[in-house]
Amino acid sequence: MRAFPAVSLLPLFALAAVVAAPAQGRGPMTPAQQRYRRAMETADLAIQKENRDHSQLMRNEEYLTTEIGPRLTGGPNMQAASAWTLQRFQDYGLDAHLETTQVPHAWYPGICTAELISPWDKVIPIAAEGWSKATPGAVTGPVVVLAPGETPDPAKLQGAIVLLGPPNDRNLDPAYVARNAYNSVIVPPAGVPAPGGRGGFFLGRFLAPGRPSPLAGAAVILVDSGKPWNLFSIGGAGRYAPSAIPTATISHEDYSLLYRMATDYPNNPKPMTMRVSLGGTFSPGPEDASITVAQIKGSEWPDQQVIIGGHLDSWYLGQGAVDNGTGAMSVLEAARILKSLGWQPKRTLTFILFTGEEEGGVGVQKFIADHKAEMPNVDAVLVDDTGTGRIQSISLENFPETLPALQQVYTPLQEVFGLGPITTEYFGSSDHVAFQRQGIAAYFAEQAPAYYREEHHSQADTFDKVIPSQVNQGAATIAAWMWNVSQLDQKFPHHAVAPSGR
């Protein structure tokens, strides 16, 4: 998961009205709305009880993270997870299938080492960015800092260990973190980062395979993890193909040290030198990448769909527990709950476990391509993708025209699950955005942070971090949201399809 709250595009006066709306309402309810609200409160309480009494979420989460492990798209673990979740949906009595695309290359991480060898000795823990090109064994070179906006000098970079910009100190500022609970995972899409940015995901023109790089000649690029306590933060250096230059992340603490040594003491009589070795191999050709799709057919409007989803793929340092095992297993648990209750929804309920969210949305693009003709009849979408924390709200996603429908769905949830007002923050770059571009009302679950910014993409993304009570609250909430949407008499309004359609 890579992008989080941005400033809402709604005017300030509209924001105030929207935030107040769920709690205060917009005038008296009609008798039909009153009946719907009472029916949904009853249903949502039953969903909550089924989850509380019979949840299998933690058992599934433990199997996913412990027996299968981390899940890089196109790799054997990810494919094993897709096959296993297919069986779990079928075990729960749902119609389920895989939809499979391919990625150009799978990537298999290798052993990585780094040492500062001058002006003094220090072993530096290091981890290759996803799809990083390997080094040709251990490479030794001078440490060079590339400043934001600097035009790279090929002679200066030749054979160098390059620090990509200044340290990301922003995320160590408690005041900043308090204002931006998730913002440590916002990253620029390309280029040398501005001060405080991480810049370690898709480094665009610098690292993209198959095109000239302004950093050509550099031996290795090092990126600041931007996290406290020696945690790493892994992104993608190459889009399913070897990056132009070997690239790795190191801890914020070590990155800050190297940066200070290179910039504050440039005239040290002993030259600043490192030795780095990055392992990793690639599949010789394309590999399968599958999503898992399950459904409960609707009784009145079976061609209309309500979708909930979460991505099943993960990075490799941890176990993919909170990014996004919790979201994926919550979707699986929601399916179990709704099937076990034996109710017949008016609209078809569709559950999707995506792949490739971490590397460009490969899975959701596959689903949309396979079901293009169905997009006008997808009623609404909700994606779960921010860790183990309890769901606190659902984002309006800058679709104020959907507020009357969303408010009807949301008010029973607010009462049963203790949610706050509908949030007006915009959450981008998870799988729901592809549906938004199809004109669909696609929303995002806003969750309690629960240390997500520290665990996200790091070696701390492990099963022991999952909080059972909170993740189960989230699973029951998305199940109830799905049911409430499926029972509305009116459809959610659609908006204009994005020009690209993607």
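FYI, it's all coordinate maths here, none of it is from the lab. In this text the structure is predicted, and so the values were computed from the model without any measurement. Here the Cβ is made from the backbone with ideal geometry for all residues, glycine too, and neighbour counts use every protein chain on show.
Computed values, structure above
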quantity	calculated
Pairs of Cα atoms farther than 16 Å apart, region 412-502, %	68
Relative frequency of Cα-Cα separations exceeding 42 Å in the chain, percent	20
Selection from 107, 452, 498 lying farthest towards where the dipole of the chain points positive, charges on Cβ	498
For residue 102, distant residues with modelled amide H under 5 Å away	289
Beta bridges by DSSP in the chain, antiparallel share as percent, to the nearest 5	55
Region 45-88-region 426-455 distance, computed between alpha-carbon centres (Å)	20
Gain on full stretching of the segment that runs from residue 100 to residue 281 - 0.36 nm per residue minus C-alpha separation	62.9 nm
Farthest positive-ward along the chain dipole, Cα basis, beta-carbon charges - from 235, 295, 353	235
Loop-located chymotrypsin sites (Phe, Trp or Tyr not before Pro) in region 21-122 whose Cβ has at most 14 other Cβ within 10 Å (DSSP)	120
Among 483-490, 350-357, the order from most to least packed when residues are scored by Cβ within 10 Å on average	350-357, 483-490
Filter on 49/339; 297/372; 297/339; 372/491; 366/491 - keep pairs with C-alpha separation over 21 Å	366/491
Cβ charges +1 (Lys, Arg) and -1 (Asp, Glu), total dipole of the chain, debye	540
Cβ crowding within 10 Å averaged over residues, with 313-326, 154-167, 447-460 ranked highest first	313-326, 447-460, 154-167
Per-residue HN-Hα couplings for region 376-385 [Karplus 6.51, -1.76, 1.60; θ = phi - 60°; Hz; x = Gly/Pro]	x, 9, 7, 6, 7, 9, 9, 10, 10, 7
Whole-Hz couplings from phi, Karplus 6.51/-1.76/1.60, listed for region 337-343; x for Gly and Pro	4, 5, 6, 5, 6, x, 7
Across 133/270; 156/270; 122/227, pairs whose alpha-carbon gap is larger than 23 Å	133/270
Shape of region 349-495, Cα gyration tensor, a/c cut at 1.5	oblate
Rh by Kirkwood over Cα pairs, then Stokes-Einstein D for region 242-344 at 0.890 mPa s and 25 °C, µm²/s	126
Peptides 410-419, 468-477 ordered by average Cβ neighbours within 10 Å, highest first	468-477, 410-419
